[in-house]
Each structure stands twice: as C-alpha cells, then as structure tokens.
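Structure, as structure tokens:
The values are calculated or read from the model by the stated rules, or taken from the named source; none is laboratory data. Model, not experiment: these values are computed from the prediction. Ideal geometry is used to build each Cβ from the backbone, glycine not excepted, and the neighbour counts take in all protein chains shown. For the accessible areas, the whole protein counts, side chains as well, though only heavy atoms, and no ligand, DNA or RNA atoms are used. Shrake-Rupley method; radii C 1.70, N 1.55, O 1.52, S 1.80 Å.
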Amino acid sequence: MSEKMALNNLREKFTKFLAPFVNKLGFINPNYVSWFSLFIAGISAWCFATATADSEGAKKLILATLLFAFAAFCDALDGQIARVHNKASSYGDFLDHTIDRIVDFGVIVAIGVNTAWLTSPHLGYAAGLATLMGSYMGTQAQSVGLGRNYGGFGRADRMAITFFGCLAAIWQAFNGVEDYGQIPLFNVEVNALSIVLLISFIGGIYTFFSRFTTARNELVAMISAPQGGEDSNEEN
C-alpha cells in the first residue's frame, strides 16, 4: 500500500511539474507524441542491441539510456496533453497501450539479443513473453467487467529496474568489469543487463499469477454473491 502511495505521490508531483509546459501544448495532437515516443524507443532498442561491453559500447549505452528515459517522458506527456486540453479519445487510449506493449517487449528483446553481453537470446525472449503475459492479465480483467488490474510488478517498476540496470552496465563497461558467472537454465552471463532481464522475467511471471488470482477471486465472488429477486424482497 505504501509503495502505491509513493508512486502516486511521485506521479502527482511530476504532473504538477509538467503543468506549465503542458498548458502551452494545446496545439499538439497527443497521438503524434505517442508515435514519436515509439520512434525514440526504437532507436534506443537498436542502441541496446548493438552496444559492446567496452568503453565505446558504454557511450552507446549512455545514448540508449537517455533515449529510453526520453521515450518514457513522451509516453507520460501524451496522456497529460490529452487530459488537460480535452483531447482524450478511445483511439488515443488504444494507441497508447499498444505502443507501451511494443516498447516493453522491444527493449527487453533488444537487450537479450546483444551478443556482446549475452551469449544466448533465450532469457530476453522469455522476459519479453512474461512481460506481455503480465500486461495481458491486466487488460483481460478489464475486458470481463472488472477494474483495470495494476497489481504485481508493474510497468513503472520494470522501467525503473531497466534504467538503474543500464547505469550499472555503463559503469561495468567503462571499468572493464568482468561477468560474475552464469545464470542457470538460460546459460547466459551474470552482468548488469542480464540481471535486468532476469528480474523482468521473474516479475512478469509473478505479475501474471498475481493478476490472475485477483481476477479469479473477484469473478468467483461475483458469481457466488446472492442475486436480487422476489425472494430477496420478501419481508420476514
């Protein structure tokens, strides 16, 4: 509960911080901002996929991390523009969530296919799939009449882990720090980027089962609840 309150407080502070800037952007279509964030995230993913594990690669990782953060900023900005200037729409919401899923999967897989950091892409693919499955359970709960389920290892958590993991990878590359062994099952090296993927993989699985269990309990409670009718209206 306290973690959610902390995230909400940070979100509110960030919204207030951006308010003067957002107030001047009424001329912009928020959907264009969404597409722009996808473009920036795509460049970031390419940098993640091709950065080497040396000082030159560290420079590319810096660029990838900065672009990743900027894409996240644009992703937050489009929603604020839509709300403040009454430009919210069903298509905009659909587009925003679709791009979020593409970026989530794309960045994780891009890290996973980087052969300079990981000898096998399997952990990246597994982390990407687990992430998508966790997100799917949130929207699926909403599709059957329940509220949007944000429980588990959310997108904000994953982005924070990715950001700090990238900073650690930059430090590791600049200083020539070697890997710390291998991750069993996936047969990849233990380093800053593989740890990001491992946490995303475990977090995605946890999120899937957490949201599934929550949705199941809510649906069972709805089915088991007494239905209104003639008998319920009879007086004792």
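Before moving on, here are some points about what is shown:
- Straight-distance crosslink candidates among lysines, where the alpha carbon sits under 25 Å from residue 24 and sequence neighbours closer than 8 are dropped: 13, 16, 87
- Modelled label positions at residue 185 and residue 39, each set 7 Å beyond Cα in the direction of Cβ, lie 4.0 nm from each other.
- For the chain, the Cα-based Rg and Dmax, in that order, read 21.1, 81 Å.
- Applying 0.36 nm per residue to the separation of residue 16 and residue 157 and subtracting their alpha-carbon distance, the gain on full extension is 48.6 nm.
- Residue 144-residue 89 pseudo-label distance in nm [points 7 Å out on the Cα-to-Cβ vector]: 3.2
- Calculated FRET efficiency, residue 66 to residue 218, Cβ-Cβ distance, R0 = 41 Å: about 0.50 to the nearest 0.05.
- Accessible surface for segment 160-202, divided over its residues, is 52 Å² per residue with a 1.4 Å probe.
- Computed over segment 22-134, the convex hull of the alpha-carbon atoms projects to a mean area of 7.4 nm².
- Computed lengthening from residue 98 to residue 136, 0.36 nm per intervening residue step minus Cα-Cα distance: 12.6 nm
- Cβ charges +1 (Lys, Arg) and -1 (Asp, Glu), total dipole of the chain, debye: 720
- Solvent-accessible area per residue in segment 81-120 equals 49 Å², computed with a 1.4 angstrom probe and all protein chains kept.
- Heavy-atom accessible surface of the chain: percent carbon and sulfur, 1.4 Å: 65
- Highest mean first, the peptides 180-191, 84-95 sorted by other C-beta atoms within 10 Å per residue fall in the order 180-191, 84-95.
- Simple point charges give the picture: +1 on the Cβ of Lys and Arg, -1 on the Cβ of Asp and Glu, and for segment 56-131 a dipole about the Cα centre of about 120 debye.
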